[in-house]
Amino acid sequence: MSEQQQAHPTTTESELIAVRRDKLAKIRELGIDPYGARFDVTTTPAGLKADFQEDKQVAVAGRLLAIRDMGKSQFFVIGDVRGKIQGFLHKNEVDETTWKLWKLLDRGDWVGIRGTTFLTRTGEPTVKVSGLTILSKSLRPLPDKWHGLADKEVTYRKRHLDLISNEESASLFVTRSLMIAEIRRFLQERGYLEVETPMLQDVAGGAAAKPFETYHNALDMPLTLRIAPELFLKRLMVGGFTKIFELNRSFRNEGIDRRHNPEFTSIELYQAYADYHEIMDLVEEMYIYVTQKVCGTLKIQYQGKEINMEGPWTRMTMAESVKKYSGIDYYAWENDEQARKECEARGVHVEANAVKGECLEACFDEFVEKNLIQPTFITDYPVAISPLAKRKKDEPDMTERFEFFANCSELGNAFSELNDPIDQRKRFESQAAAKRAQGLHADVDEDYICALEYGMPPTGGLGFGVDRLVMLLTDSASIRDVLLFPTMKPLG
């Protein structure tokens with residue numbers, strides 16, 4: 001009889017735990033270790049089901065997910081996040097100790113089984129058990145198999161239970177892993193080398209974001225968790241690498257919402273002798289490749305909308321997009337004051353000292369982004385908001401920069417990298433002054449400027465959020481749904 005059959009409907013969790021502890025003791029009395037060691041498997045539950053052959057000897061392990069007690073005949077299911085397989089055990093075909101062990105098992109226990117494969121009358125792939133090994137006794141009852149975890153917050157705080165009880169959630173995180181593998185494969189096949197750069201940095205650079213601050217006792221110095229790996233990766237370009245990428249964890253001490261988590265995963269890549277047009281082509285090719293691999297189609301559904309990832313994607317300059325969706329003409333602004341006045345007249349908030357480029361960005365945020373449902377490249381960003389991007393030769397107030405969007409959300413940022421150390425110093429100093437005016441600590445990264453002075457080749461660079469791409473391709477409404485362990489405030 002299963003634990004659930006033994007327990008009265010009002011049985012408390014503590015009573016169920018007591019029942020399981022009693023079974024644990026009885027397993028030990030049989031001379032069996034309830035927390036077994038090595039078990040040599042020949043396949044996995046998912047692998048066995050995918051490549052099923054009858055009358056084959058197998059050894060497979062997994063968590064006991066369901067039990068159907070038919071007296072001397074027992075059907076059950078074992079599995080893991082990749083899949084599951086049915087097992088069948090008959091009292092007359094195993095020894096007495098194995099049968100006693102079986103009667104002490106519960107849903108949630110980890111077991112290894114050996115036996116022969118067959119198809120049931122209904123055509124279900126099944127293993128007829130000849131040998132049974134307990135690998136780990138579960139002392140707590142699992143969530144109800146029909147209802148799983150109803151509270152969304154509990155799924156984030158107790159992801160282990162979510163993965164056990166929710167096949168869709170488990171499948172999502174398998175998909176995430178496969179997506180990252182496909183991105184790596186795509187880049188490596190095109191000659192990119194994967195590298196690693198420091199997470200602890202003495203100057204937080206590569207993005208305009210507030211860092212987490214810490215202190216190294218032995219070195220007696222303050223450090224920050226990186227907000228982006230960009231400046232170290234570009235040092236490597238100075239050193240002679242020509243195609244590199246990093247799958248990185250970065251940290252920003254800012255707000256949390258459905259698209260932002262303080263700790264996140266992104267990919268940054270750099271290619272020598274390229275510009276932002278070549279990187280744009282790479283982005284489109286990569287996203288189409290990954291979407292097709294993961295979804296099997298380029299027309300995907302996201303929260304009730306159809307997103308068509310097929311190329312070519314729409315391309316517009318930031319000024320063109322603002323004019324299209326608001327009628328505001330950036331090129332009609334003769335000076336910063338006129339730009340600020342038009343923003344005020346249109347209800348767009350800007351700072352009292354905002355320059356034309358910052359006003360253009362504010363208008364983009366207000367009028368454009370909400371319209372970018374289909375994949376779109378927005379190009380040519382103002383210098384004022386692009387401290388690391390190369391200026392356009394024919395329009396020095398603009399840079400060779402683009403961001404790309406889908407479902408009204410920014411997915412990534414790229415540009416022709418600024419490799420002029422004199423221009424870079426001026427922009428860093430201007431950026432630092434603006435941060436100090438806001439009461440924030442800011443330094444110029446002198447070591448990076450020094451590296452640039454040795455010479456960095458013309459380079460195209462890209463950074464994009466892995467978490468947001470996973471959200472898009474798995475139809476997930478919140479970034480918390482695609483992070484195994486999202487940042488949460490402690491209870492109590």
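The values are calculated or read from the model by the stated rules, or taken from the named source; none is laboratory data. Just so it is clear, the structure is predicted and the values come from calculations on it, not from any experiment. In this analysis, Cβ positions are derived from the backbone assuming ideal geometry, glycine residues included, and neighbour counts consider all displayed protein chains. Areas reflect the complete protein model, heavy atoms only, side chains present, ligands, DNA and RNA absent. Shrake-Rupley method; radii C 1.70, N 1.55, O 1.52, S 1.80 Å.
Quick rundown of the values:
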item: Qualifying positions in region 385-397 - closer than 12 Å to residue 318 by Cβ and either surrounded by 20 or more Cβ atoms within 10 Å (Cβ to Cβ) or β-branched (Val, Ile, Thr) (or both); result: 385, 386
item: Of all residues in region 25-57 being more than 35 Å from the chain's Cα centre (by Cα) and outside any loop (DSSP other than H, G, I, E, B), the one that is farthest from residue 103 (Cα to Cα); result: 57
item: Residue list for region 102-114, filter: within 14 Å of residue 138 (Cα to Cα) and open to solvent by 40 Å² or more (accessible area, probe 1.4 Å); result: 110
item: Residue that is surrounded by the fewest Cβ atoms within 10 Å (Cβ to Cβ) [pool: residues in region 407-441 that are small (Gly, Ala, Ser) and at pLDDT 95 or above]; result: 412
item: Counted residues, region 185-202 - those being open to solvent by 30 Å² or more (accessible area, probe 1.4 Å), touching a residue at least 40 places away in the same chain (Cβ under 8 Å) and assigned to a loop (DSSP other than H, G, I, E, B); result: 4
item: Boolean, residue 481 is open to solvent by 60 Å² or more (accessible area, probe 1.4 Å), at pLDDT 85 or above, part of a helix (DSSP H, G or I) and of a type in the set (D, E, K, R); result: no
item: Selection from region 105-143 of residues that are touching a residue at least 24 places away in the same chain (Cβ under 8 Å) and among the basic types (Lys, Arg); result: 107, 114, 128, 137, 140
item: Given (1) in a helix (DSSP H, G or I); (2) open to solvent by 70 Å² or more (accessible area, probe 1.4 Å); (3) not small (Gly, Ala, Ser), index of the condition residue 163 fails; result: (2)
item: Flag if residue 232 is part of a loop (DSSP other than H, G, I, E, B), closer than 27 Å to residue 454 by Cα, open to solvent by 40 Å² or more (accessible area, probe 1.4 Å) and free of Cβ contacts under 8 Å to residues at least 60 places away in the same chain; result: no
item: Check on residue 203, of a type in the set (A, V, I, L, M) and over 29 Å from residue 287 (Cα atoms); result: yes
item: Filter result for residue 182 (touching a residue at least 40 places away in the same chain (Cβ under 8 Å), open to solvent by less than 60 Å² (accessible area, probe 1.4 Å) and of a type in the set (Asp, Glu)); result: yes
item: Failed item, numbered, when residue 404 is tested on (1) over 20 Å from residue 233 (Cβ atoms); (2) surrounded by 18 or more Cβ atoms within 10 Å (Cβ to Cβ); result: (1)
item: Residues within region 459-468 that are open to solvent by 10 Å² or more (accessible area, probe 1.4 Å) and out of contact with any Asp or Glu (no Cβ under 9 Å at 6 or more places or on another chain), tallied; result: 0
item: Residue in region 263-273 that is more than 21 Å from residue 387 (Cα to Cα) and among the aromatic types (Phe, Trp, Tyr) present; result: yes
item: Residue count for region 116-142, restricted to those that are among the basic types (Lys, Arg) and either part of a strand (DSSP E or B) or open to solvent by less than 40 Å² (accessible area, probe 1.4 Å) (or both); result: 2
item: The listed residue being in a loop (DSSP other than H, G, I, E, B), among the aliphatic types (A, V, I, L, M) and either modelled with pLDDT of 95 or more or buried (at least 21 other Cβ atoms within 10 Å of the Cβ) (or both), out of 488, 471, 456; result: 456
item: Residue tally, condition in contact with a Pro (Cβ under 8 Å, 6 or more places away or on another chain) and not aromatic (Phe, Trp, Tyr), over region 230-244; result: 2
item: Some residue of region 91-101 being closer than 24 Å to residue 174 by Cα and buried (at least 20 other Cβ atoms within 10 Å of the Cβ); result: no
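Quick grid of which residues meet (1) over 18 Å from the mean Cα position of the chain (by Cα); (2) in a helix (DSSP H, G or I); (3) farther than 30 Å from residue 229 by Cβ; (4) aliphatic (A, V, I, L, M):
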| site | (1), (2), (3), (4) |
| --- | --- |
| 155 | no, yes, yes, no |
| 169 | no, yes, no, no |
| 178 | no, yes, no, yes |
| 209 | yes, no, no, yes |
| 214 | yes, no, no, no |
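For every residue, the table says whether it meets (1) modelled with pLDDT of 95 or more; (2) closer than 25 Å to residue 261 by Cβ; (3) of a type in the set (Val, Ile, Thr).
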| site | (1), (2), (3) |
| --- | --- |
| 205 | no, yes, no |
| 208 | no, yes, no |
| 212 | no, yes, no |
| 230 | no, yes, no |
| 233 | yes, yes, no |
| 236 | yes, no, no |
| 241 | yes, no, no |
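Per-residue answers, yes or no, for (1) small (Gly, Ala, Ser); (2) touching a helix residue (DSSP H, G or I) at 6+ places or on another chain (Cβ under 8 Å):
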| position | (1), (2) |
| --- | --- |
| 398 | no, yes |
| 401 | no, yes |
| 405 | no, yes |
| 414 | yes, yes |
| 424 | no, yes |
| 434 | yes, no |
| 483 | no, yes |
| 486 | no, yes |
